[in-house]
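Enquirer: Pasting a structure below so you can have a look.
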Amino acid sequence: MRLNYRKMGEGKPLFILHGLFGLSDNWATIGKILSQHFEVYLIDLRNHGNSPHSDEWTYPAMANDILELIENVLKDKQPNDEQSNKNSSAILMGHSLGGKVAMQFASLYPEKLEKLIVVDMAPKNYSGSSFDFAQKLIAINLPELKTRKEAEEKLSLFIHTTAELQWMQKNIYWRPHPQSPCLTPLKERGKRRGEKLEGSNNQILEWKFNLKAIAENSNKIKNTFNLGKKQISAPALFIRGEKSNYILDSDISEIKKIFSNSEFITIAGAGHWVHADNPKEFAEAVKNFLI
């Protein structure tokens, strides 16, 4: 699957993966900072952002998507050097769900990985369901709403911070009504995604992510995350937020059993959204690890 991505900067490629219900734009600030040193790729995972939707939603499938993108990028950078491209490796960073995708990639394709950064995620199953949120979103019935303001009001019933509301509203856009006689081509539609023409009744609100696939696979996707028993020797940095409980002190010894060359950093004052809560310290930690 060919994923959508944003590219910025020059240098060695750095691929960044967002979390559940996220999109590449969530990493624009960090991407801009790191683009001073790297060719940064901000990626929309399958069923998220502007990447294709699919009923298949598993960690191996998402890792394969990343492999396809990395190989295409490396081939474009060295189009006439097949041997060099074959031996090339990449730097991969993932947050939350994206962190698990990055770890799955490291397990399946270790020869393609130069360095790994996992942001606030451990290689384990978490109690409870991180996907209960999907059912709340389904209950909104977004296409029936008439304005983005109505959507904001519905979301505010269970999202209580301005930052999270803004994050979720980035996933809402106007698309042509399926019964409209004048369907705008996809390229044109993308130019004004998130805008509605004044007085137009031919558009409806929709999620950018594939809510149906996420909801239907939410109970089984954790079962597709399996790193096997082999050790992963690539240098790995695990970054956690001081106020987050996704990576506990008790997890560190288990992580080291899998990622034998791993180190850990805790970002002061940050929660699960480490890169957004303290972007300066976060970016500095990433640079110190990579440069």
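Just so it is clear, none of the values below were taken in a lab; they were calculated from the coordinates. Please read these numbers as outputs of a predicted model, since none were measured by experiment.
Enquirer: Over 18 Å between Cα atoms, which of Lys32/Lys287; Lys100/Lys229; Lys170/Lys220 qualify?
Expert: Over 18 Å apart, Cα to Cα: Lys170/Lys220.
Enquirer: Could you work out how far the C-alpha centroid of the stretch 238-291 sits from that of the stretch 22-53, in angstrom?
Expert: Centre-to-centre distance over Cα atoms comes out at 19 Å.
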